[in-house]
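Each value in this text was obtained by applying a stated rule to the coordinates, not by laboratory testing. Just so we're clear, the structure is a prediction, and the values are computed from it rather than from any experiment. Don't worry about glycine lacking a Cβ; one is built from the backbone with ideal geometry, like all the others, and counts go over all protein chains shown.
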Amino acid sequence: MLCSLLPGWLFVATALLCSVPAQADAPGRPKGFVQIPWGSSVGEVFRTLADRHKVNLPEELPSGDKVEVEGGVFSDEPVVRWTFEFRKGALVAGTVLIRPRENPVGTYRKFREAIIQSYGRPTKEGRPVAGRSRVEPNHQGNFSVWKFDPGISDKESKSILCQVATEAGTTTADPAQLLLVVRYTNETLMDSRKAPIDTPKPSRKFDF
């Protein structure tokens, strides 16, 4: 009702001013994994692990599309294993497997809330589908997923997973077996940098 009483130019100006706080408060998008930018090399990844996460570096840097290293800490929680995925030598995904110091579900909720503070509410959350080992409500198997579709300023598709699970990725009735999994993926880089599949070339025919 109030807007209809405003002159046209004043209404437009008011709308623009009102939109500024909303844009400033818009959720961010993951620019990498644990402060390691997407596209980083194996060397850059390991330097960050050593400097910020107390990981003991191996004598020789590993190579390949999937690199794993044990130990270190993440947000003051002990890490079981780090897993990094590369395409053509560039980081496209990272996973950290954490053994919580206290209640696993409480730790999950702490991490989930921290992610929400940076990236907004999850796109999907809940527990594993029925048919697996029996789980108690709000006890284990909890998961949250964030999906980031391509936008105007960031044309890459990305995702985050935060989940309570076992090391093998299955459910269990033993709380002592529960770990926390946090995974960040740049799906666009992962797909675009896949090695092309070599298709067999047709045999050449020669006319003599």
Distance in nm between ARG99 and ILE116 label points, each 7 Å along Cα→Cβ, equals 2.9 nm
Diffing segment 40-54: the Karplus 3J(HN,Hα) column from phi (6.51, -1.76, 1.60, θ = phi - 60°), in whole Hz with x for Gly and Pro, holds 5, 7, 4, x, 5, 4, 5, 5, 5, 4, 5, 6, 10, 10, 6
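Using the Cα atoms as the points, what is the convex hull volume per residue of segment 27-192 in Å³? Walk me through the numbers on the way to the answer.
Numbers: hull volume 20.2 nm³, N = 166.
Normalising the Cα hull of segment 27-192 by residue number yields 122 Å³.
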Under the Karplus relation with 6.51, -1.76 and 1.60 and θ = phi - 60°, whole-Hz ³J(HN,Hα) for segment 104-112, x at Gly and Pro, equal x, 5, x, 5, 4, 5, 5, 5, 4
Too long for a 19 Å Cα-Cα cut-off, among LYS66/LYS88; LYS54/LYS147; LYS54/LYS88; LYS124/LYS158; LYS124/LYS155, are LYS54/LYS147; LYS54/LYS88; LYS124/LYS155
Relative contact order in percent for segment 27-192 (Cα pairs under 8 Å, 6+ apart) equals 21 percent
Counting only residues 5 or more apart in sequence or on a different chain, those whose built amide H sits under 5 Å from that of PHE33 are TRP38
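Order these by the 10 Å Cβ neighbour count, fewest first: TYR119, TYR108. Spell out each step's value before the answer.
Working: TYR119 17, TYR108 25.
In increasing order of surrounding Cβ atoms, one gets TYR119, TYR108.
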